[in-house]
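Asker: Got a structure for you, questions after.
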């Protein structure tokens, strides 16, 4: 037997192995092509009435806080009828000052008025007598002029005394410090027995229990905020309050480039001056197209969706302009038709022109 050639033996053994390997590869090629059809869910945009909201922060303040002070000074406090948190009505007595000295001054002023009235009666009678006899020559014209001057002086004395009486009675009235309006007492700085001066703060009053939220609005968004817009506040403790924009400040704060929006809050809302709150101002309403947030792919600062071509079940990436996000949906302002089908999830795993298998569609 002829000996086997080494190279021929190697070729003999390699050829069957190569054939065995090539056969499975050719069989797997169609399977790989079929695997590229990824199963996806698609959806169509939904048209909804969207309320656009502007987010802002700010603090709650008293609408108007009145400083209450007596109008007469140097008198002792006789009674304080309210305390912090007391609800008061307009005209209610809040503080009473000692009035004995002023009562005596009123009595003196009344006596002066009575004396002036008596002087006027005498001057009037003397003038009448003089006018009745002057024509008979019993009284000179000079004496008659004197009687008339005395009468005018008596009238002036009475008016002066009456004015002094009115002033004394007014000072006596001022010993009763009254509420200028209805509301709640927020501060008390006086005690019984204390001697207070005119203009010294004794109480503070929150007028009509009204509070307001002062929102800091960025300069660029000032034009969007208008009186009458609805505002939803959320406090730190989770309290939700509805309010309404009353007015917008005409100036911008130079330190932070914001303007203040004044928002009226309803009485009994639970909001207290000094609280911090975040708010959403409903600035406009519009009918817009929305898709699930998962359908939008963000790359390089732009938003994209994959749109399905129903002719060959291929998907194509399209750049869109997105907007407000609400309840798991995102607004598509531009770039998408109302009846087009978009991949609702998993867009990050797709490529341009890829064939897909639609699992579900609207």
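Each reported figure results from applying straightforward, stated rules to the coordinates on display, with no laboratory input. Predicted model, so just to flag it, every value in this text is computed and none were measured. Here the Cβ positions follow ideal geometry from the backbone for every residue, glycine too, while neighbour counts run over all protein chains shown.
Asker: Taking mean projected area of the Cα convex hull in nm² as the quantity of interest, determine which of (i) 42.2; (ii) 20.4; (iii) 16.2 was computed from the displayed structure.
Answerer: Computing mean projected area of the Cα convex hull in nm² and matching it to (i) 42.2; (ii) 20.4; (iii) 16.2 gives (i).
Asker: How would you classify the stretch 225-265 from its alpha-carbon gyration tensor, with a ≥ b ≥ c the square roots of the eigenvalues: rounded for a/c under 1.5, else prolate if a/b is greater than b/c, otherwise oblate?
Answerer: It is oblate, given that a/c is not under 1.5 and a/b is not larger than b/c.
Asker: Let me ask you something else. Can you sort 216, 71 so the residue with the fewest Cβ neighbours within 10 Å comes first?
Answerer: Least to most surrounded, the residues fall as 71, 216.
Asker: Using only Cα atoms, locate the centre of the stretch 107-126 and the centre of the stretch 172-186, then give the distance between them in Å, rounded to an integer.
Answerer: When both Cα centres are located, 36 Å separates them.
Asker: Quick check on the exposure proxy: order 350, 205 from fewest to most C-beta atoms within 10 angstrom.
Answerer: Fewest to most other Cβ atoms nearby, the residues stand as 350, 205.
Asker: Determine the percent antiparallel among the DSSP beta bridges restricted to the chain, to the nearest 5.
Answerer: For the chain, the DSSP antiparallel bridge percentage is about 95.
Asker: Need one number: the % of Cα-Cα pairs in the stretch 99-174 sitting beyond the 16 Å mark.
Answerer: Every Cα pair in the stretch 99-174 considered, those over 16 Å come to 57 percent.
Asker: Taking the chain as a Gaussian network, Cα atoms linked when under 10 Å apart, which of 243, 193, 228 shows the biggest mean-square fluctuation?
Answerer: Fluctuation is largest for 193.
Asker: Of 56, 136, 125, which has the largest mean-square fluctuation in a 10 Å C-alpha GNM of the chain?
Answerer: Comparing 56, 136, 125 in the GNM, the peak value goes to 136.
Asker: Can you tell me what the convex hull of the Cα atoms of the stretch 290-362 projects to on average, as an area in nm²? Spell out each step's value before the answer.
Answerer: Working: hull surface 19.5 nm².
Approximately 4.9 nm², given one-decimal rounding.
Asker: Using Cα atoms only, what is the angle between the long axis of helix 6-35 and the major principal axis of the chain, expressed in degrees (0 to 90) to the nearest 10?
Answerer: Computed tilt is about 40 degrees.
Asker: Now, a different point. Only counting other Cβ atoms within 10 Å, I'd like 151, 223 sorted with the fewest neighbours first.
Answerer: The order, fewest Cβ neighbours first, is 223, 151.
Asker: Relative contact order, percent, of the chain when contacts are C-alpha pairs under 8 Å separated by at least 6 residues?
Answerer: That works out to 27 percent.
Asker: With runs of 4+ DSSP H residues as the only contributors, calculate the mean residue ellipticity of the chain at 222 nm using -39,500 (n - 2.57) per run, divided by the residue total and rounded to the nearest 500.
Answerer: Using -39500 (n - 2.57) per qualifying helix, the result is -9500 deg cm²/dmol.
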